[in-house]
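Trainee: The following block contains the structure, expressed as structure tokens.
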Amino acid sequence: MDRRNFFRLAAGSAIAAGSTGYMAQALAAGRFKPGPQDVFIVVDVQKCFIPGGSLAVEKGDEIVPLINALAKKFQNVVLTQDWHTADHVSFASQHDGKKPFETTQVAYGTQVLWPDHCVQGTDGAAFAPGLDIPHATLVIRKGYHRDVDSYSAFVEADKKTPTGLAGYLRARGIKRCYLAGLATDFCVGWSAMDARAAGFKAAVIEDASRGINLGGTGLEAAWKEMKSKGVLRIQSTDLA
Ligand code: VGL
Ligand code: ZN
């Protein structure tokens, strides 16, 4: 499915991906024990996305202690930062007559327009207070091309420009990506689906993430599409 359909109900896809294996797996606590071939990708835990920030995700600050604790289980941790130019195409402020959360057409398709957020080098783009993962080995920044957004940590919204993350992970022998952070239905979800497209296994840790839930239905639609792409929906207690 085209990623522009991300917010539509992925009719039928849940059935395709749903199997007894998936459900049975979902019942076994502590079933994932991270090792050398696993990476924890902590997505966009930045000041802009927590309460008080310019694009605050509800309860986004709550996940910080859990993410710190989960990171201790992984020898491989990558952090991402949304990292926009001040005049970024995804900002409603750059489009006459447009307001945040409306959409517009850009070169690569439909773009949701946001309040100005995560401008390179500003305080809002910094990591959220309390995020404490000193053993993270890579910080990958994305969304730094003025005319192209990048929810995904792997591929920009033009669907062709790579960030380099897949190459880094492959070079380091990583096979499985565990993702958490902000926001479940945007940068976490798109990154997880692109991890699958790049040939990795992918799981999103639901309770260590928070969603924007655009239009009141965006979050469930995102989970459906993730499932259709083979992304596992897990909880922090699933990790040993
Ligand atoms: C994000 C909207 C705009 C995210 C980033 O991190 O999920 N959402 N830019
Ligand atoms: Zn952004």
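Trainee: For the range 134-155, enumerate the residues that are of a type outside the set (Ser, Thr, Tyr), assigned to a loop (DSSP other than H, G, I, E, B) and crowded, with 19+ Cβ neighbours inside 10 Å.
Mentor: Result: 143, 148, 149, 153, 154.
Trainee: Name the single residue, out of those in the range 156-183 being aliphatic (A, V, I, L, M) and assigned to a strand (DSSP E or B), that is nearest to ligand 2 (Cβ to nearest atom). Before you say what the answer is, go through the steps one by one.
Mentor: Within the range 156-183, the first condition is being aliphatic (A, V, I, L, M), and the residues that meet it are 157, 165-166, 169, 171, 174, 179-180, 182-183.
Applying the additional criterion that residues be assigned to a strand (DSSP E or B) yields 179-180, 182.
On the way: 179: 16, 180: 18, 182: 10 Å.
The selected residue is 182.
Trainee: Okay, next question. Could you count how many residues in the range 44-98 are among the basic types (Lys, Arg) and free of Cβ contacts under 8 Å to residues at least 60 places away in the same chain? Before the answer, list the steps.
Mentor: First, pick out the residues of the range 44-98 that are among the basic types (Lys, Arg): 47, 59, 72-73, 98.
Now restrict to residues that are free of Cβ contacts under 8 Å to residues at least 60 places away in the same chain: 72, 98.
Of the residues in that region, 2 qualify.
Trainee: So, one more: What are the residues in the range 169-191 that are more than 29 Å from residue 54 (Cβ to Cβ) and either touching a strand residue (DSSP E or B) at 6+ places or on another chain (Cβ under 7 Å) or of a type outside the set (Gly, Ala, Ser) (or both), if any?
Mentor: 169, 170, 172, 174, 175, 176
Trainee: If you don't mind, there's one more thing I want to ask. Out of all the residues in the range 56-79, which are open to solvent by less than 10 Å² (accessible area, probe 1.4 Å), closer than 25 Å to residue 120 by Cβ and touching a Phe, Trp or Tyr at 6+ places or on another chain (Cβ under 7 Å)?
Mentor: Once the filter is applied, which keeps residues that are open to solvent by less than 10 Å² (accessible area, probe 1.4 Å), closer than 25 Å to residue 120 by Cβ and touching a Phe, Trp or Tyr at 6+ places or on another chain (Cβ under 7 Å), the range 56-79 yields 57, 60, 71, 77.
Trainee: Examine the range 182-196 for a residue that is surrounded by fewer than 20 Cβ atoms within 10 Å (Cβ to Cβ) and of a type outside the set (D, E, K, R), and state whether such a residue exists. Before you say what the answer is, go through the steps one by one.
Mentor: So in the range 182-196, the residues surrounded by fewer than 20 Cβ atoms within 10 Å (Cβ to Cβ) come out as 196.
From what's left, of a type outside the set (D, E, K, R): none.
Among the residues of the range 182-196, not one is surrounded by fewer than 20 Cβ atoms within 10 Å (Cβ to Cβ) and of a type outside the set (D, E, K, R), which makes the answer no.
Trainee: While we're on this one: Filter the range 202-237 down to the residues that are open to solvent by less than 60 Å² (accessible area, probe 1.4 Å) and either over 22 Å from residue 66 (Cβ atoms) or touching a His at 6+ places or on another chain (Cβ under 7 Å) (or both) and list them by number.
Mentor: 214, 216, 218, 221, 225, 227, 228, 229, 230
Trainee: Let me ask something else. Give the residue that is nearest to ligand 1 (Cβ to nearest atom), with candidates limited to residues of the range 92-141 that are farther than 26 Å from residue 217 by Cα and of a type in the set (D, E, K, R).
Mentor: 141
Trainee: When residue 186 is evaluated against the numbered criteria (1) of a type in the set (A, V, I, L, M, F, W, C); (2) more than 14 Å from ligand 1 (Cβ to nearest atom); (3) within 15 Å of the chain's Cα centre (by Cα); (4) assigned to a helix (DSSP H, G or I), which criterion, by number, is the only one it fails?
Mentor: (2)
Trainee: Another question, then. Of everything in the range 103-114, what is closer than 21 Å to residue 80 by Cα and either within 10 Å of ligand 2 (Cβ to nearest atom) or small (Gly, Ala, Ser) (or both)? Give them in sequence order.
Mentor: Of everything in the range 103-114, those that are closer than 21 Å to residue 80 by Cα and either within 10 Å of ligand 2 (Cβ to nearest atom) or small (Gly, Ala, Ser) (or both) turn out to be 112, 114.
Trainee: Which of the following residues is among the β-branched types (Val, Ile, Thr) and farther than 26 Å from residue 229 by Cα: 163, 85, 110? First the steps, then the outcome.
Mentor: Working: 163 fails: farther than 26 Å from residue 229 by Cα; 110 fails: farther than 26 Å from residue 229 by Cα.
It is 85.
Trainee: Scan the range 145-183 for residues that are under 21 Å from residue 126 (Cα atoms), more than 12 Å from ligand 1 (Cβ to nearest atom) and of a type in the set (Ser, Thr, Tyr) and jot them down.
Mentor: 163
The values are calculated or read from the model by the stated rules, or taken from the named source; none is laboratory data. All values reported here derive from a predicted model rather than from experimental measurement. Backbone-built Cβ (ideal geometry, glycine too); neighbour counts: all protein chains shown. The accessibility values were calculated without ligands, DNA or RNA, using every heavy atom of the protein model including side chains. Shrake-Rupley method; radii C 1.70, N 1.55, O 1.52, S 1.80 Å.
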